[in-house]
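Chemist: Sharing a structure, written as structure tokens. Questions coming.
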Amino acid sequence: MPDFINLASETEHNSRGVGEVKTFWSYPTATYNTIFLGNMVDDDGNFVSWRVGKGLVPKMIKQIWGEVVMFNSRFGFWTNGHIVFLFVRTSPHDLTFSHARLWTDPHVFLGLVGLSMACVHASLCPNQQAEQALVDHLCPPQIRRCRNSPPRSALHPGQPHPLA
């Protein structure tokens, strides 16, 4: 179960957005960058196997994917209280992740408001094509990153944790 669900309506149990909140001591910030390392994804950005490892990253990805599929969501966020990243289900079998941002980054607020508005807009879309057009506008296919090098992010190695 996600920690937060953006339902399409109070009667329709079909969500467009989910949110997952973890603690920084159970999911350290460095966990985010390991999502994109070669042992998790291939050169096309596909996860190598659902059975790869039993660590935090496979567990996190499985939980996010399960929530997105179970609640028919297109949008979501994940945070450990230190960083936040957004994700979009860009096709029936693909997730696209944003760069991780520190909670103090002013773009986080704008991103979360935009995510909420996208959820509302998606729930009002008359059909699947209109919803996919929104997704493709937000995450253009030609710039989706599908390489196993870590994305650039607002985090810097050695930066002290603000909650430490």
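Please treat every number below as a calculation from the coordinates, not as lab data. Note that the structure is predicted; figures quoted are calculated from it, not measured.
Chemist: Given H placed 1.01 Å from N in the peptide plane, which residues other than close sequence neighbours of Ala100 have an amide H under 5 Å from its amide H?
Modeler: So Ala100 has HN proximity to Ala154.
Chemist: Around Asn80, which amide H atoms from residues at least 5 apart in sequence, or from another chain, sit under 5 Å from its own amide H, with H modelled in the peptide plane?
Modeler: Sorted by chain and number, the residues that satisfy this are Lys22.
Chemist: Let me ask something additional. Going by amide H atoms built from the backbone, whose H comes under 5 Å of the H on Ser15, apart from near neighbours?
Modeler: Amide H to amide H, under 5 Å and 5 or more residues apart or across chains, Ser15 pairs with Ala8.
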